[in-house]
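To start, the structure under review is shown below, and the notes come after it.
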C-alpha cells in the first residue's frame, strides 16, 4: 500500500510539472513535440482547448499499448493522460503566467517536462503518444527511448514551424533536447513492472479457475 501511494504521488507531481512546462511554452508561443505538440498546433487553428486535443491525439496509440505493453500499463497511462488534460485545464482557467524570454522559457519548460515525464514513467505509467511508442521500441528493439522521442519530436517541430515560424520552432528544439536528455537517462522500466502486474493477475485468475 505504501509503495502504491508513493507511486501515485510521484505520478501526480510528474503530471503537474509536465503541465506547468507545457503551459510556459504556450505563454511564450513555443511548442513541443509528440502529442503535446500536435495538441498545441491544433489549438492555433481551432477553438478547442489543449487538454481536449491532447486527449484525442493520444487515443490512436492505445492500440499499441493494449496489444504490446499490457492492460495495466494502458489503464495507468489513460489515467495519466486524463489527469494531465485536467491539470492543464485548471492552469488555463485559474493561473496567469508571465511571458518570459523565449530561450529562458524553453530551458525552464524543458527541465520541468523532462523531470515530470521521468517521474511518470518511473512509476509505471506514461503520458501516451510518442512515449508509448518509445517504450514499445525500447521493449522490442532495445532502442533508447530518449532517442526515439527526440527523433519523433523533431519531425513534429518541423510541422509546427509552419504555424509558429522557424525562429520559435528552433528555440522549441532547445526544450525538446533538454527534456529528451533527462528522460533518456532514467533507468527504471515501467514496462517490466506492468508485465509483472499482468502476470500476477493472470496467475491469480488461473488459480481460481
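Taken together, the values in this text are just the output of simple stated rules run on the coordinates, not laboratory data. Computed from a prediction, not measured in an experiment: that's the story for all the values here. With ideal geometry, Cβ positions are generated from the backbone for all residues, glycine too; neighbour counts draw on all protein chains shown.
Potential lengthening of the chain between residue 140 and residue 185 amounts to 14.3 nm, from the contour at 0.36 nm per residue minus the alpha-carbon distance.
Placing pseudo-labels 7 Å out from each Cα toward the beta carbon at residue 5 and residue 56 gives an inter-label distance of 4.0 nm. Pairwise Cα distances in region 30-101 exceed 16 Å for 56 percent of all pairs.
Distance between the modelled labels on residue 159 and residue 95, one decimal in nanometres: 2.7 nm (7 Å Cα→Cβ projection).
Full extension of the chain between residue 12 and residue 27 yields a length gain of 3.1 nm, computed as 0.36 nm times the residue separation minus the alpha carbon distance. Just so you know, the Cα atoms of the chain work out to an Rg and Dmax of 17.0, 62 Å. How far is helix 71-94 tilted, in degrees, relative to the longest principal axis of the Cα atoms in the chain, given as a value from 0 to 90 rounded to the nearest 10? In the chain, helix 71-94 runs at an angle near 30 degrees to the longest axis. Taking the 0 to 90 degree range and rounding to the nearest ten, how far is the long axis of helix 166-185 tilted relative to the main principal axis of the chain, both from C-alpha atoms? On a 0 to 90 degree scale, this one is about 30.
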